[in-house]
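Have a look at the structure below, then the notes.
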């Protein structure tokens, strides 16, 4: 699961999720989707086939629209297996399992003691200006 509460609020997607976790309407749910950075599957997995079939006739360009963003696509495709827009572990049809967002953290700021992996996207493996400043101050204090 990839879960960003502030994005859900900013985009209004939070209002398109029922209390049970079902998507309301046809729009993608921005801020809660299936993370594309970490995925595992056994041979003949029907969900992976659904994903690959979705891409078969798509044309790609440098200007990707939201409907080409893998986590959003995966979430909508997983709905037929019982996927819900809830940040919790989910056992779905056809032996699929979705882990809550903290298990495979979406970035270094979402890591918890339960995290197994971090999606280091958007250069998040690099220190930000604030990180560099804090490191510099620590070095000054030690000197």
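The values are calculated or read from the model by the stated rules, or taken from the named source; none is laboratory data. Small disclaimer: the values here were computed from a predicted structure and weren't measured. For neighbour counting, all protein chains shown are included, and Cβ atoms are generated from backbone atoms with ideal geometry for every residue, glycine included.
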| Test result for residue 131, outside any helix (DSSP H, G or I), more than 12 Å from the chain's Cα centre (by Cα) and either surrounded by fewer than 17 Cβ atoms within 10 Å (Cβ to Cβ) or modelled with pLDDT of 80 or more (or both) | no
| task | Assess whether residue 86 counts as being outside any helix (DSSP H, G or I), within 23 Å of residue 22 (Cβ to Cβ) and at pLDDT 85 or above. | result | yes
| query | Within the bounds of region 47-65, is there any residue that is in contact (Cβ under 8 Å) with a residue 24 or more places away in the chain and more than 24 Å from residue 120 (Cα to Cα)? | reply | yes
| query | Under the condition of being surrounded by 14 or more Cβ atoms within 10 Å (Cβ to Cβ) and in contact with a strand residue (DSSP E or B) (Cβ under 8 Å, 6 or more places away or on another chain), which residue from region 18-35 is farthest from residue 94 (Cα to Cα)? | reply | 31
| Somewhere in region 30-47, is a residue in a helix (DSSP H, G or I) and at pLDDT 95 or above? | yes
| query | Yes or no: residue 126 modelled with pLDDT under 85, over 28 Å from residue 24 (Cβ atoms) and in contact with a strand residue (DSSP E or B) (Cβ under 7 Å, 6 or more places away or on another chain)? | reply | no
| message | For region 108-123: of the residues being surrounded by 15 or more Cβ atoms within 10 Å (Cβ to Cβ) and closer than 16 Å to residue 31 by Cα, which is modelled with the lowest pLDDT? | response | 119
| What number of residues in region 68-83 are out of contact with any helix residue (DSSP H, G or I) (no Cβ under 8 Å at 6 or more places or on another chain) and in a loop (DSSP other than H, G, I, E, B)? | 2
| Number of the exception - residue 15 against (1) in a helix (DSSP H, G or I); (2) out of contact with any strand residue (DSSP E or B) (no Cβ under 7 Å at 6 or more places or on another chain); (3) touching a residue at least 24 places away in the same chain (Cβ under 8 Å) | (3)
| said: Kindly evaluate residue 7 against the criterion of being outside any loop (DSSP other than H, G, I, E, B), in contact with a strand residue (DSSP E or B) (Cβ under 9 Å, 6 or more places away or on another chain) and within 19 Å of residue 107 (Cβ to Cβ). | reply: yes
| field | Every residue from region 1-31 that is closer than 25 Å to residue 118 by Cα and touching a helix residue (DSSP H, G or I) at 6+ places or on another chain (Cβ under 6 Å) | value | 2, 8, 14, 28, 29, 30, 31
| note | Residue count, region 1-16, condition surrounded by 13 or more Cβ atoms within 10 Å (Cβ to Cβ) and over 24 Å from residue 94 (Cα atoms), comes to 7
